1. Just one of LEU175, LEU181, LEU111, LEU170 is modelled with pLDDT of 90 or more, of a type in the set (A, V, I, L, M, F, W, C) and open to solvent by 40 Å² or more (accessible area, probe 1.4 Å); which is it?
2. Run LYS124 past the list (1) at pLDDT 95 or above; (2) in contact with a Phe, Trp or Tyr (Cβ under 7 Å, 6 or more places away or on another chain); (3) more than 21 Å from LEU16 (Cβ to Cβ) and report the number of the one that doesn't hold.
3. Would you please name the residue that is nearest to SER200 (Cα to Cα), looking only at residues in the stretch 147-163 that are open to solvent by less than 40 Å² (accessible area, probe 1.4 Å), modelled with pLDDT under 95 and of a type outside the set (S, T, N, Q)?
4. If SER55 satisfies every condition in (1) free of Cβ contacts under 8 Å to residues at least 24 places away in the same chain; (2) farther than 19 Å from GLN152 by Cβ; (3) open to solvent by 70 Å² or more (accessible area, probe 1.4 Å) but one, which is the exception?
5. Looking at the stretch 186-207, which of its residues are part of a strand (DSSP E or B) and of a type in the set (A, V, I, L, M, F, W, C)?
6. Could you please give the count of residues in the stretch 184-212 that are closer than 20 Å to TYR41 by Cα, at pLDDT 90 or above and either in contact with a His (Cβ under 7 Å, 6 or more places away or on another chain) or surrounded by fewer than 12 Cβ atoms within 10 Å (Cβ to Cβ) (or both)?
7. Being within 14 Å of LEU16 (Cα to Cα) and open to solvent by 80 Å² or more (accessible area, probe 1.4 Å) is the requirement here; does LYS83 meet it?
8. Restricted to the stretch 15-41, and to residues that are assigned to a helix (DSSP H, G or I) and under 21 Å from ASP84 (Cβ atoms), which residue is most open to solvent (accessible area, probe 1.4 Å)?
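The values are calculated or read from the model by the stated rules, or taken from the named source; none is laboratory data. Since we're looking at a predicted model, the values are computed, not measured. Backbone-built Cβ (ideal geometry, glycine too); neighbour counts: all protein chains shown. Heads up: the accessible areas ignore ligands, DNA and RNA and are worked out on the full protein's heavy atoms, side chains in. Shrake-Rupley method; radii C 1.70, N 1.55, O 1.52, S 1.80 Å.
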Amino acid sequence: MATEPPLYVTDPEKWLHEISEKNDFVGVVIFRGSWCKFDRYYLQKLGDFSKKHMSDQNLHLIAWTGEGVDGAKKADEEWGLTKDHGFTEVLGDNTLALAKYLVDDTLLEKLVTSTIKDVQLENKTVSQETYPNGIVQPGMIWYAHHGSVVVQWEAVDEPFASDRPHPKDLFEQVLKRKHALDKGLSVIPVHGRELKQCCSASEVNIAGCTLM
């Protein structure tokens with residue numbers, strides 16, 4: 001008997017609404033896949049910061065990839081995202097339903113999906129079978145105050161853009177906007193490119209991350 005697809009595949013809008021309404025903070029972090037050393041480094045860095053500084057803040061932290069269910073499971077198990085690094089769940093969907101919704105609804109209108117040809121790596125082949133609809137480049141969207149968008153970010157339009165918002169600056173802006181919303185004030189979401197960046201190639205290589 002076939003299993004019914006999850007809500008983030010069948011109705012991403014409803015899924016985001018329900019999950020953001022239930023939690024004070026929700027972060028959805030889009031990553032390329034289980035083969036990317038930049039994703040590994042950043043997700044672990046972000047997750048560790050959230051464990052240290054946001055563990056009592058009702059944060060629901062999600063990593064999502066277009067690599068599909070198997071890719072998400074591999075990344076979670078090999079990188080210890082839910083076990084060791086503060087993530088609530090790691091999701092995969094190679095139909096790209098969530099990414100398409102975020103673009104179409106202009107929540108992340110500049111989110112890039114690359115073709116398989118764009119991402120052929122030295123000593124590494126990314127298959128069309130694994131990514132039938134392409135590879136979604138990094139991005140993120142954060143909600144606070146039960147459903148208000150407070151941070152948006154998409155990687156620059158390059159196949160291997162590595163810079164990501166620094167966790168410390170990111171969480172400062174999330175908390176700042178949440179506190180303003182709690183007081184009944186309106187806020188404008190900050191874009192991640194306005195924040196201090198991390199995850200440069202030199203930073204990742206010094207940390208000893210390699211392609212897997």
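1. Just one listed residue meets the conditions, LEU175.
2. (1)
3. Selected residue: ALA161.
4. (1)
5. Our first condition is that a residue be part of a strand (DSSP E or B); within the stretch 186-207, this holds for 190-191, 197-198.
Hits for the stretch 186-207 are VAL190, CYS198.
6. 4
7. On the way: within 14 Å of LEU16 (Cα to Cα): no; open to solvent by 80 Å² or more (accessible area, probe 1.4 Å): yes.
It is false that LYS83 is within 14 Å of LEU16 (Cα to Cα) and open to solvent by 80 Å² or more (accessible area, probe 1.4 Å).
8. Among residues in the stretch 15-41 that are assigned to a helix (DSSP H, G or I) and under 21 Å from ASP84 (Cβ atoms), the one most open to solvent (accessible area, probe 1.4 Å) is ARG40.
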